[in-house]
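The values are calculated or read from the model by the stated rules, or taken from the named source; none is laboratory data. Only a predicted model underlies this, so the values are computations on that prediction, with no experimental measurement involved. Cβ placement follows ideal geometry from the backbone for every residue including glycine, while neighbour counts extend to all protein chains displayed.
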């Protein structure tokens with residue numbers, strides 16, 4: 001009986017760590033409106049930031065785009081639009097939310113444009 005308890009504890013710990021494992025997701029990074037940022041990949045749209053909700057852990061690690069790799073969709077120099085990015089994140093699959101940003105990097109727009117599994121970017 002004494003050996004079952006530590007085994008149960010280790011099993012629970014293993015599954016809780018596995019549930020929060022970081023994963024790499026690549027796709028359209030969209031900032032369509034104030035306070036809203038999403039990453040849309042082949043699995044759907046993942047909220048990074050949603051107006052009125054708490055930011056994920058590591059929000060400062062989101063990718064920084066230069067003007068050549070970011071398409072502005074509103075008034076010039078508004079900061080709203082989309083780019084192509086890869087991010088290492090921890091997600092909540094039920095809510096389609098990114099709960100932690102481990103790292104993020106921009107990638108060329110042509111990569112997302114050529115990926116037939118990606119829907120159009122959110123504008």
Within the stretch 1-33, restricting to residues that are assigned to a loop (DSSP other than H, G, I, E, B) and surrounded by 10 or more Cβ atoms within 10 Å (Cβ to Cβ), the one that is modelled with the highest pLDDT is 22
Reported set for the stretch 34-48 where residues are over 22 Å from residue 110 (Cβ atoms), in contact with a strand residue (DSSP E or B) (Cβ under 8 Å, 6 or more places away or on another chain) and surrounded by fewer than 19 Cβ atoms within 10 Å (Cβ to Cβ) is 35, 36, 47
Only unsatisfied item for residue 63, checking (1) closer than 18 Å to residue 90 by Cβ; (2) not in a loop (DSSP other than H, G, I, E, B), is (2)
Among residues of the stretch 72-109 being touching a strand residue (DSSP E or B) at 6+ places or on another chain (Cβ under 8 Å) and without any contact (Cβ under 8 Å) to a residue 40 or more places away in the chain, the residue farthest from residue 45 (Cα to Cα) is 78
Only one of 101, 71, 90 is at pLDDT below 95 and assigned to a strand (DSSP E or B), namely 71
Residue 101 passes all but one of the listed conditions (1) over 10 Å from the mean Cα position of the chain (by Cα); (2) surrounded by 15 or more Cβ atoms within 10 Å (Cβ to Cβ); (3) at negative phi; the exception is number (1)
